[in-house]
Amino acid sequence: MARQAWEFIHDPDRKTFLALEEVNFTRNVLTSIPAERIPARSGPMRILVVVAQPLGLGALSVEEETDVIRSGFRRLLDAKLADVELLLDATPELLHRALESASAPFDILHFIGHGEYREQDDCGYLIFENAEGGVQELDSTTLRQIVCRRGIRLVCLNACETGQGGREDFNRGVAQALIAGGVPAVVANQYPVLDVSATSFSRHFYWALAMGQSIGDAAREARVAVNYAISGEAIDWAVPVVFARNPAQRICVPRPAAEYDRTRTASLRQRRRAMQDRIKIGMWNAHRMIPHLPEICDHLTDVQNVYSFETVSFPAPIGTWRREQDEDQAYVVAETLYERLKNKPKELGLDRLVCMINFPLKSGNKKHLYYWPLEPGKSEHLSIVSTFDLLDQLTGGEFTVERMMAHLAAAVVADLIPHLPGVGPADCPFFYNKDRDISSIAGRLRFCAACRRQCKKPEDKDRLRIAERLLAAYP
Ligand SMILES: [Zn+2]
């Protein structure tokens, strides 16, 4: 019974899913071990973030990875509601040492990495990297020995299949073993989860907990948040499963949320003021193909000090997506789209609008374009990018959407004349990529000598220098 995905229970009377309602929807396991009883605390929550990604996903440098992870906790950190310690390239031994020798107990253990449930031995595992860079698995029993009885109030497993319980013995799943061993609450995933939904779930969950909400109430608020973060297209809010020995338990003593919301407004204003003098580039993710574009834009804004990048959204004017049939493809025509959108940058207060569409794009007899305009200065304040067919090729290893966006930003900023079709090195952002080869879009790129030579005036050189920083934003 417990192996069913109960989070999907739908109530025909309310016409909604119960987990999104005021019902406290948490799970529990059968165990004779009492849960650790830790009173709610005041002061910031202590969070240990453990990152173990042994499958070659660690393409970022330590500093970048630290930034990316800390940015997920930014709101809590800014409001001084949490202290976050990071354990990168974690091994079971490092985790053990961090918990055993902590000066004060951690309230929350947040694991980012991979999990696996193996049917053949009916047991859940977390996957770590060992000292030699190989894979080291940690079964649920050993994990429980490392984690339990250390004063941890909550374990958040941002890893797949950690919510799945055993067939014979339900408590052999990763989350179940921890709960059965006495950890008061565990959040795990029952299916592979979209990264953005995992992030928005824990972000809201932690915020609600810091405000003094109970685990049950905080989980509900977090599900509601996932629901709108991904614009209601999926049912990812049901993927996190929340185990709690006592859903009414709180981690923090209640605080007035209004106080912190004012702090947030102040810091938002401060950021806005700091951005005032920058050249504003808006990224319109027209078909919402890139869910974490806001984080990418923040990063691109932070790596240089002349341009600000922000996501914009507006309803597409009627007829925006009208396409023209040409042989076997229906294309959006760049010039027509430009006519429909040319007033948008001004309306939105932007210096340039980058419109990302997921349809094939053509201009004159040039079909299947990636980037338009092909001539600098031709479109004034609007660039169009067609991601048609490309996003599926972003494997997350060598080719990432982050790098694709960084290269796009660099090209927009540098604004040079593209190479002639097929001419020059393919790893230059201005290579005329007729075949839409993904390595010339999301691989490692640098400006070629010919493109550099186009930059003669000091202001061109300045733009090139900034564009290079953007190119290197995700090395
Ligand atoms: Zn070039």
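General observations
- Using just its DSSP H runs of length 4 or more, each adding -39500 (n - 2.57), the chain gives a mean residue ellipticity at 222 nm of -9500 deg cm²/dmol after division by all residues.
- Simple spin-label estimate for E327 and A449 in nanometres, 7 Å along Cα-Cβ: 3.6
- Cα centre as origin, Lys/Arg/Asp/Glu Cβ charges: the chain dipole, Debye: 1700
- Label point of T311 set 7 angstrom out along Cα-Cβ; within region 277-292, amide nitrogens under 17 Å from it belong to 281-292.
- Here the 3J(HN,Hα) profile of region 35-41, calculated from phi with Karplus coefficients 6.51, -1.76 and 1.60 at θ = phi - 60°, is 6, 5, 9, 10, x, 4, 10 Hz, Gly and Pro shown as x.
- A cut-off of 5 Å between modelled amide H atoms, ignoring neighbours fewer than 5 places along the same chain, links V312 with M283, W284, N285.
- Net charge of the neighbourhood of I152, taken over other residues with C-beta under 14 Å away and scored Lys/Arg +1, Asp/Glu -1, is +4.
- Formal net charge of residues neighbouring P39 (Cβ-Cβ distance under 14 Å; K, R +1; D, E -1): +2
- Radius, Kirkwood style, for region 277-471 when every pair of distinct Cα atoms is counted (Å): 16.9
- K366-V135 FRET efficiency (beta carbon distance; Förster radius 41 Å; 0.05 resolution): 0.30
- Qualifying trypsin sites (Lys or Arg not before Pro) for region 303-406 [loop in DSSP, other Cβ within 10 Å: at most 13]: R322, K378
- Annotation: the antiparallel percentage among DSSP beta bridges lying fully within the chain is about 40.
- Backbone HN-Hα couplings from phi across region 363-373 [Karplus 6.51/-1.76/1.60, Hz, Gly and Pro as x]: 9, x, 9, 8, 9, 6, 6, 9, 10, 9, x
- Across q = 0.08, 0.09 Å⁻¹, the chain modelled as identical point scatterers on its alpha-carbon atoms has Debye log10 I(q)/I(0) values of -0.56, -0.70, in the order of the q list.
- Gain upon complete extension [I38, R278; 0.36 nm per residue less C-alpha separation]: 81.6 nm
- Subtracting the Cα-Cα distance of Q120 and T142 from their residue separation scaled by 0.36 nm leaves 6.1 nm.
- Averaged over residues, the count of other Cβ atoms within 10 Å places the peptides 23-34, 140-151, 205-216 in the sequence 205-216, 140-151, 23-34, highest first.
- A cut-off under 12 angstrom between Cβ atoms defines the neighbours of T91, and their net charge, with Lys, Arg +1 and Asp, Glu -1, is -4.
- Net lengthening on full extension, S439/T336 (0.36 nm per residue, minus Cα-Cα): 34.2 nm
Only the coordinates and a few stated rules stand behind these numbers; no lab work does. Nothing here was measured: the structure is a model prediction, and the numbers come from that model. Here Cβ is always computed from backbone atoms with ideal geometry, including for glycine, and neighbour counts include all displayed protein chains.
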